[in-house]
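Comments concern the structure below.
The values are calculated or read from the model by the stated rules, or taken from the named source; none is laboratory data. Being a predicted model, the structure only gives us computed values, none of them experimental. Cβ atoms come from the backbone with ideal geometry, glycine included; neighbour counts cover every protein chain shown. All accessible areas refer to the heavy atoms of the entire protein, side chains included, with ligands and DNA or RNA removed. Shrake-Rupley method; radii C 1.70, N 1.55, O 1.52, S 1.80 Å.
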Amino acid sequence: MALIEQLKEEQKSAMKAKDKVRLGTIRLALSEIKQREVDGQVTLTDDEILAVLTKMLKQRRDSVAQFEAAGRTDLADAEKAEMDVLGEFMPQPLSDEEIANLLDKAIAESGAAGMQDMGKVMGVLKPLIQGRADMGKVSQLVKTKLA
């Protein structure tokens, strides 16, 4: 089932269950996806939808860190609840070993020799791991390998 259809079905289920947090989060995701489609005048693919959901998760992680630093655990808990809902639509995360294997293949495929080739390596890696690993963590691994 396409990711957009899955989101719409889950929205209906959340309405029936009267789960306000889940319903609100799914509506927010669908709204962001629709906005991207309207802005670009295209229909988003599952990979592009995953990129939208990944961005939304990253925003919530940043918000949680800021709320916890400010001592606002109530707001942090609300953001964590949204992260849980969004996380259900993400693909299975990659293990560290799988990331390392993909990284080695990307370096070999791009012919990277040093730090100046980091963009090439990330260009090869990004479509393979989008939504399945933290890109910041992967970026650090690439820097370590190329240094």
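Scanning region 67-100 for residues that are over 19 Å from the mean Cα position of the chain (by Cα) and of a type outside the set (A, V, I, L, M) turns up PHE67, GLU68, GLY71, ARG72, THR73, ASP74, ASP77, GLU97.
In region 130-147, which residues are over 19 Å from GLY87 (Cα atoms), hydrophobic (A, V, I, L, M, F, W, C), open to solvent by 30 Å² or more (accessible area, probe 1.4 Å) and part of a helix (DSSP H, G or I)? LEU141, the sole residue that qualifies.
In this structure, GLN59 does satisfy being part of a helix (DSSP H, G or I) and of a type in the set (S, T, N, Q). Filter region 90-129 for residues that are outside any helix (DSSP H, G or I) and either in contact with a Gly (Cβ under 8 Å, 6 or more places away or on another chain) or open to solvent by 40 Å² or more (accessible area, probe 1.4 Å) (or both); which is modelled with the lowest pLDDT? Looking at the filtered set, the residue picked out is ALA113. Counting residues in region 61-80 that are out of contact with any helix residue (DSSP H, G or I) (no Cβ under 7 Å at 6 or more places or on another chain), at pLDDT 90 or above, of a type in the set (Val, Ile, Thr) and under 30 Å from GLN11 (Cα atoms) gives one or more. Of all residues in region 12-25, those satisfying the criterion of being crowded, with 17+ Cβ neighbours inside 10 Å and over 15 Å from the mean Cα position of the chain (by Cα) are ALA14, ARG22, LEU23. Scanning region 48-83 for residues that are aliphatic (A, V, I, L, M) and open to solvent by 70 Å² or more (accessible area, probe 1.4 Å) gives ALA69, ALA70. LEU3 fulfils the conditions (1) farther than 15 Å from GLU82 by Cβ; (2) surrounded by fewer than 18 Cβ atoms within 10 Å (Cβ to Cβ); (3) hydrophobic (A, V, I, L, M, F, W, C) except for a single criterion, (2).
PRO91 meets the conditions (1) closer than 15 Å to LEU7 by Cβ; (2) out of contact with any helix residue (DSSP H, G or I) (no Cβ under 9 Å at 6 or more places or on another chain) in every case but one. The failed one is (2).
Looking only at residues in region 31-47 that are surrounded by fewer than 17 Cβ atoms within 10 Å (Cβ to Cβ) and closer than 23 Å to GLN92 by Cα, the one that is modelled with the lowest pLDDT is ASP47. Against the numbered list (1) open to solvent by 90 Å² or more (accessible area, probe 1.4 Å); (2) of a type outside the set (S, T, N, Q); (3) under 18 Å from the mean Cα position of the chain (by Cα); (4) at pLDDT 95 or above, LEU28 comes up short only at (1).
Number of residues in region 32-46 that are assigned to a helix (DSSP H, G or I), more than 14 Å from GLU5 (Cα to Cα) and not β-branched (Val, Ile, Thr) equals 6.
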